[in-house]
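Here's the structure, in structure tokens; my notes come after.
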Amino acid sequence: MTSTQTIPDSIEVNGRTYAWPKRPLVVVCIDGSEPDYIEQAIAGGHMPFLAAALEKGSDLRADCVVPSFTNPNNLSIVTGRPPRVHGISGNFFLDPDSGEEVMMNDPKFLRADTIFKAFHDAGAKVAIVTAKDKLRRLLGHGLDFASGRAISFSSEKADETTMAENGIEDAQAMVGRDIPDVYSAELSEFIFDAGVKLMSRMRPDIMYLSTTDYIQHKHAPGTPIANQFYAMMDKYWSQLDAAGADLAMTADHGMNAKFGDNGEPDVIYLQEELDDMIGAAVARVILPITDPYVVHHGALGSFATVYLPDHTNPLEIAAKLSEVAGIANVYDRAGGCAEFELPEDRLGDLIVVSDKNKVLGTSADRHDLSQLKKPLRSHGGVTEQRVPLILTRAADLPKDQRLRNFDIFDVALNHAA
Ligand SMILES: [Zn+2]
């Protein structure tokens, strides 16, 4: 900010207006935090700070974006808008021009500015810390790191940060911890430790901390290791609160058990179903949960999209598919994109959502489940849409409003005392 730039009362981005923060605002996205996790951790006495904070704060629930996956929801939270606006509808999509499955990690796929960029451009100090670097690139897009008012890095690559890419040299040295394994609770603890240190060193106006759901994929709510993870977060949140920050917590999506009585993943192999129905390899199933970190979920989630050749009848196939046991809903492209506010050009002819305890795969031979930590817990469907939306301040909201997780900046900045 130059000395002539005055701080505005509010900023506008993607058609929404946000009041300038009165105190530093820390928004936490707890990956895979089904509401039960916090409820049970508080009931068991594992979150003393949050339990006390909620006496004057706001303990709300909200709906996340479907597909209930990490990237579509993180980008919704930080743009304040659904995927129809920001464009990130999954980890993967089928590029209609090349016919190739393409990862959607690259900021070039982003169609909206972030709330961070809008505040930063208006003179705010902004800090973002994520678990995995793939998300960091999207969240930090458009920030001017040369300004000295923006920092964005991942715990995964905190030892490789530079002023030009991240706004900080050697973030690991600032945190003073080893770089954790990508499959660990420590990958998330690193984020909160970094957040506390950035709060004292930089005192950002806006901070965003986004964890990984390694614990939630493996441990059900109320179990000892889950409670330990939430106790860890509670400790750091109390330090951020003591430093004078307002806190607001939500989740990118929930998490449910997805296995049968035998303990094996309960999978509907959609490609096999479609091959039987309309011929081998006529349809093409895309699983937008697919990412390089398969140990969590084996690329098995509760949401899939299907591409069909022109000579087929999508509505006919949708009707047949919806009779398969364990499939909750099948939509055509227009219907599904309207229902879930998704970008039509990045989804297939059909959108398929499974039941609560089922997952969708392509074909059995295309899922290597040998690396999968069982029993499977996963997400992606409507059944993982309910998430917490928690503030350390009291919020005054219109009654009967359907809250979304991507309303969190609006609630925290415009509706909290
Ligand atoms: Zn997630």
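The values are calculated or read from the model by the stated rules, or taken from the named source; none is laboratory data. Because the structure is a prediction, the values reported are computed rather than measured. Here the Cβ positions follow ideal geometry from the backbone for every residue, glycine too, while neighbour counts run over all protein chains shown.
Does residue 209 count as within 16 Å of the ligand (Cβ to nearest atom), of a type outside the set (Phe, Trp, Tyr) and in contact with a Pro (Cβ under 8 Å, 6 or more places away or on another chain)? Judged against the criteria, residue 209 is not a match. For the stretch 240-248, the criterion of being within 25 Å of residue 383 (Cβ to Cβ) and in contact with a Lys or Arg (Cβ under 9 Å, 6 or more places away or on another chain) is met by at least one residue. Can you pull out the residues in the stretch 314-326 that are assigned to a helix (DSSP H, G or I) and either of a type in the set (Val, Ile, Thr) or out of contact with any Lys or Arg (no Cβ under 9 Å at 6 or more places or on another chain) (or both)? Passing the criteria: 315, 316, 317, 318, 319, 320, 321. Filtered by the rule that a residue be under 20 Å from residue 41 (Cα atoms), not aliphatic (A, V, I, L, M) and not in a helix (DSSP H, G or I), the stretch 182-227 gives 184, 210, 211, 212, 213, 219, 221, 222, 223. Kindly evaluate residue 230 against the criterion of being assigned to a loop (DSSP other than H, G, I, E, B) and touching a residue at least 24 places away in the same chain (Cβ under 8 Å). For residue 230, the condition - assigned to a loop (DSSP other than H, G, I, E, B) and touching a residue at least 24 places away in the same chain (Cβ under 8 Å) - is not met.
Here's the yes/no breakdown for (1) buried (at least 24 other Cβ atoms within 10 Å of the Cβ); (2) charged (D, E, K, R); (3) closer than 30 Å to residue 276 by Cα:
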position	(1), (2), (3)
383	no, no, yes
387	yes, no, no
402	no, yes, no
410	no, yes, no
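One residue is enough: does the stretch 352-364 have a residue meeting the conditions part of a helix (DSSP H, G or I) and more than 30 Å from residue 262 (Cβ to Cβ)? Within the stretch 352-364 (the criterion being part of a helix (DSSP H, G or I) and more than 30 Å from residue 262 (Cβ to Cβ)), the answer is no, since none of the residues qualifies. Here the stretch 38-64 is the region considered, the condition is being more than 12 Å from the ligand (Cβ to nearest atom) and under 16 Å from the mean Cα position of the chain (by Cα), and the residue that is surrounded by the most Cβ atoms within 10 Å (Cβ to Cβ) is 62. Among the residues of the stretch 159-172, at least one is more than 30 Å from residue 372 (Cβ to Cβ), of a type outside the set (A, V, I, L, M) and in contact (Cβ under 8 Å) with a residue 24 or more places away in the chain.
This table checks each residue for (1) of a type in the set (Val, Ile, Thr); (2) at positive phi; (3) assigned by TED's automatic domain parsing to the domain that holds residue 239; (4) in a strand (DSSP E or B).
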residue	(1), (2), (3), (4)
369	no, no, no, no
373	no, no, no, no
389	no, no, yes, yes
393	no, no, yes, no
397	no, no, yes, no
400	no, yes, yes, no
406	no, no, yes, no
410	no, no, yes, no
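Answer yes or no as to whether residue 266 is over 23 Å from the mean Cα position of the chain (by Cα) and either free of Cβ contacts under 8 Å to residues at least 60 places away in the same chain or surrounded by fewer than 18 Cβ atoms within 10 Å (Cβ to Cβ) (or both). The answer is no for residue 266. For the stretch 50-63, indicate whether the set of residues that are part of a loop (DSSP other than H, G, I, E, B), among the hydrophobic types (A, V, I, L, M, F, W, C) and touching an Asp or Glu at 6+ places or on another chain (Cβ under 8 Å) is non-empty. Looking through the stretch 50-63, none of the residues is part of a loop (DSSP other than H, G, I, E, B), among the hydrophobic types (A, V, I, L, M, F, W, C) and touching an Asp or Glu at 6+ places or on another chain (Cβ under 8 Å). If you go through the stretch 238-268 and keep only what is assigned to a loop (DSSP other than H, G, I, E, B) and either within 16 Å of the ligand (Cβ to nearest atom) or of a type in the set (Ser, Thr, Tyr) (or both), you end up with 251, 252, 253, 254, 255, 258.
Restricting attention to the stretch 65-81, the residues being more than 10 Å from the ligand (Cβ to nearest atom) and touching a strand residue (DSSP E or B) at 6+ places or on another chain (Cβ under 8 Å) number 9. Against the test of being modelled with pLDDT of 95 or more and either in the same structural domain as residue 230 (by TED's automatic domain parsing) or under 19 Å from the mean Cα position of the chain (by Cα) (or both), the options 251, 280, 299, 257 yield a single qualifying residue, 251. Counting only strands (runs of 3 or more DSSP E) that fall entirely inside the stretch 65-132 and contain at least 2 residues that are at pLDDT 95 or above, assigned by TED's automatic domain parsing to the domain that holds residue 160 and crowded, with 24+ Cβ neighbours inside 10 Å, the qualifying elements are 126-130. For residues that are of a type in the set (A, V, I, L, M, F, W, C) and farther than 21 Å from residue 246 by Cα, scanning just the stretch 1-37, find the one that is farthest from the ligand (Cβ to nearest atom). Only one residue fits best here, namely 1.
Within the stretch 135-143, not a single residue is more than 16 Å from the ligand (Cβ to nearest atom), part of a loop (DSSP other than H, G, I, E, B) and basic (Lys, Arg). Going residue by residue through the stretch 327-336, is there one that turns out to be touching a residue at least 24 places away in the same chain (Cβ under 8 Å) and in a loop (DSSP other than H, G, I, E, B)? Checked the stretch 327-336: no residue is touching a residue at least 24 places away in the same chain (Cβ under 8 Å) and in a loop (DSSP other than H, G, I, E, B).
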